[in-house]
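J.: Provided herewith is a single structure, encoded as structure tokens, for subsequent inquiry.
The values are calculated or read from the model by the stated rules, or taken from the named source; none is laboratory data. Please read all numbers here as calculations on a predicted model, not as lab measurements. SASA here: full protein model, heavy atoms, side chains in, ligands and nucleic acids out. Shrake-Rupley method; radii C 1.70, N 1.55, O 1.52, S 1.80 Å.
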Amino acid sequence: MAVQLQITVREMPHSEALEAEIRRKVAGLQRVHSRITAIRATVEAPHHHHQQGNQYTVKLDIRVPGGEIMVNRDHAEDAYVAVRDAFQAARRRLIEHARRG
């Protein structure tokens, strides 16, 4: 089943490579939990500190039958690391949800 995917990028330039990485991570989540119906992924760089560099926030809203899984990961200095960490957390939560369901 095709997952409805919405990717939003805020306060930073759009990156085709970052979007492709998110799509790859979504495909990985589908292998863990085949009944995902929708994912909303938001990547933003809300804080611009000269000494610390950009601080990225990744938010995932994952809808599955009988529930919704929300994941937030903040303050990784690299957008790809923030995405990786958020999807790793989502994977763990989806495995827990599948065990309970």
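J.: With all protein chains present, calculate the accessible area of Glu77 using a 1.4 Å probe and round the result to the nearest 10 Å².
T.: My reading of the accessible area for Glu77 is about 140 Å².
J.: Nearest 10 degrees, 0 to 90: what angle lies between the long axis of helix 16-32 and the longest principal axis of the chain (Cα atoms)?
T.: It is inclined by approximately 30 degrees.
J.: Using only Cα atoms, what Kirkwood radius does the chain have, in angstroms?
T.: 13.9
J.: Could you give the angle, 0 to 90 degrees to the nearest 10, between helix 79-100's Cα long axis and the longest principal axis of the Cα atoms of the chain?
T.: 20
J.: Here's another thing I want to ask about it. With a probe of 1.4 Å, find how much accessible area the chain has per residue, and write the answer as a whole number in Å².
T.: Here the residues of the chain average 62 Å² of exposed surface.
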